Amino acid sequence: MKKRSPVSRSGRFNQSAAEALIQFTESVSFDWRLWRQDIVGSMAHARMLKKVGILNKKELDEILRGLEQIGDEIDAGSFEWDPALEDVHMNIEAALTQRAPAGAKLHTSRSRNDQVALDMRMWVRDDLIALVEDLRSLQHELVQLGRKTFPTAIPGYTHLQRAQPVPFAHHLLAYVEMFQRDLERFSDAFDRVNVCPLGSGALAGSTVKLDRAMVARELGFVDHEDQPRLSQNSMDAVSDRDFVVEFMSNAALTAVHLSRLSEDLILWSSAEFNFIRIADAYTTGSSLMPQKKNPDLAELTRGKSGRVIGNLMSLLTLLKGLPMTYNRDLQEDKERLFDGSDTLHGCLRIMAAMTAHITINEESCHQAAHDPDLLATDLADYLVQKKVPFRDAHHLVGAVVGLAQKKGVALNQLTLRDLKSVDSRFQRDALSVFSLERALKARSTVGSPGLRSVKQQLTAWQRRLSDERS
Ligand code: ARG
């Protein structure tokens, strides 16, 4: 096939583009992913051009038909992308003009600068919705695992040292809360992304009287009252990519949450903790050590969070020194965006699938959660009930812990006499503190890991998620 010359070089240039330039500047190898948005955006623009008298009915029909055909070919994989035509926009426009001469009018009052801003906003908009879906699915699996394992308790940790007992479900629900905020951040971002930049031209709008509202409406850039949402400053519209940064910032934070969850799963599945078992289908073996069963999916998810954070840094760095308005540097936003999105979708989906294949090791959890040391704070609370100031109670229980260590016994094996040797305010009922059931029951304030409140939380989340998914 003969090489088409890039539309942007026609007229002004006496030499054709150097091969090295084509290779270095092309973006179609990755921005082809914007093809749907580009075609739908062009269709809306064409309809508007007809309305304002630039295109006649025949020309519009020809353009719409051509664009539809091109879309079908891309979808079927038969469309031939040409790097000499730089990007997705020029590839589609050139193909259109080849089959529909009126295609040459399509770029009236439009620049690739507002076109790419439009395509990117539409792409991000779609992806925000998809990410919210993925986050819901993961939340759903975490809640299911919480329900399946309820009321099994494990130690909660601070400084990775055993601290206080919590139902396993409470630990999982902590992540459900984190992912809820992530999800809300993605939905909140939607409103800021959902502003139509088309009509901004290269940077200074157009001398043709456009109907921007019509385009915006057609492409779904409307507010809750169905009013069109139009960018109000043409220079801002073509030059900022803050919506991509905001997307990636939310993505990076979600990836960090996923990474922390991964770390917990990795620890829990180790022989040292042995709280959970990840199904064989979701673990890998070692090429050398036959006994190994590795949590690679969680490790990769933890590792991939670095990519998303890296993408955020790249985007911020990309923007920080740019003079107004459009600069070609902005082309570099796409691979970061696509990589961040692909990575996050991949991690969310694999984490949901793996979570559905986790079982709990009741025995080890039981043993660990019954470590009486976990209830040292409860013993201090006991003294508080006896009117001892908490600071003193903390000190006294510290002495009790020291005594148990000196005697080489567990905290709950001390006698009443031992306790009284530390402080006379310990009564007969002091030893009843060392009941896990009692300890969990006693934690009844909002947000605490008491069995009742955790059960309520599980039910509430279950209901909320199934309502939102239906
Ligand atoms: N591929 C370009 C990008 O992603 C499209 C805009 C090109 N505009 C230009 N004036 N060269 O940024």
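Observations
- Length-normalised contact order of the chain in % [C-alpha pairs under 8 Å, at least 6 apart]: 16 percent
- Taking the Cα centre of region 343-453 as origin and assigning +1 to Lys and Arg Cβ atoms and -1 to Asp and Glu Cβ atoms, the resulting dipole is close to 360 debye.
- Cβ-defined net charge surrounding Ile63, 14 Å radius [Lys, Arg +1; Asp, Glu -1]: +3
- Amide H within-cut-off set for Cys196, under 5 Å, with H built and near neighbours excluded: Arg229, Leu230, Ser231
- Exposure proxy order (Cβ contacts within 10 Å, fewest to most) of Cys347, Cys365: Cys365, Cys347
- Links that overshoot a 30 Å alpha carbon limit, given the list Lys51/Lys320; Lys105/Lys334; Lys148/Lys292: Lys51/Lys320
- Ordering His357, His170, His140 by the number of other Cβ atoms within 10 Å of each residue's own Cβ, fewest first, gives His357, His140, His170.
- Of the Cα atoms belonging to the chain, the radius of gyration and Dmax stand at 30.5, 101 Å.
- Computed from Cα positions, the angle between helix 333-355 and the longest principal axis of the chain comes to roughly 40 degrees.
- Whole-Hz ³J(HN,Hα) from phi, Karplus 6.51 cos²θ - 1.76 cosθ + 1.60, for region 196-210, glycine and proline x: 8, x, 5, x, 7, x, 5, 6, 10, x, 8, 7, 7, 6, 8
- Relative packing of 312-322, 95-105, which averages over residues the other C-beta atoms within 10 Å, highest first: 95-105, 312-322
- Pairs of C-alpha atoms in region 329-470 farther apart than 19 Å represent 68 percent of all such pairs.
- Amide H contacts for Val166 (H built 1.01 Å from N in the peptide plane; partners 5 or more residues away or on another chain; cut-off under 5 Å): Ile154, Gly156.
- For a straight C-alpha distance cut-off of 25 angstrom, the lysines reachable from Lys387 (same-chain residues fewer than eight places away being disregarded) are Lys420, Lys441.
- Tilt relative to the chain, helix 296-320 - C-alpha long axis, 0 to 90 degrees, to 10: 50 degrees
- Straight-line reach from Lys293: taking Cα to Cα under 22 Å and skipping same-chain neighbours fewer than 8 places apart, the lysines in range are Lys304.
- Hz values of 3J(HN,Hα) by residue in region 153-159 - Karplus curve (6.51, -1.76, 1.60), Gly and Pro given as x: 10, 9, x, x, 10, 10, 6
- Near Tyr157, once Lys and Arg are set to +1 and Asp and Glu to -1 for all other residues with Cβ below 15 Å from its Cβ, the sum equals -3.
- Net charge over other residues, Cβ less than 12 angstrom from the Cβ of Gly53 (K, R count +1; D, E count -1): +3
- In the chain, the calculated helix contribution to ellipticity at 222 nm averages -19500 deg cm²/dmol per residue, counting -39,500 (n - 2.57) for every DSSP H run with n ≥ 4.
- On Cα atoms only, tilt of 57-76 relative to the major axis of the chain in degrees: 50 degrees
Values in this text are rule-based calculations from the coordinates and carry no lab data. Bear in mind the structure is a predicted one, so any value in this text is a computation, not a measurement. Every residue, glycine among them, receives a Cβ derived from its backbone with ideal geometry; neighbour counts consider all protein chains shown.
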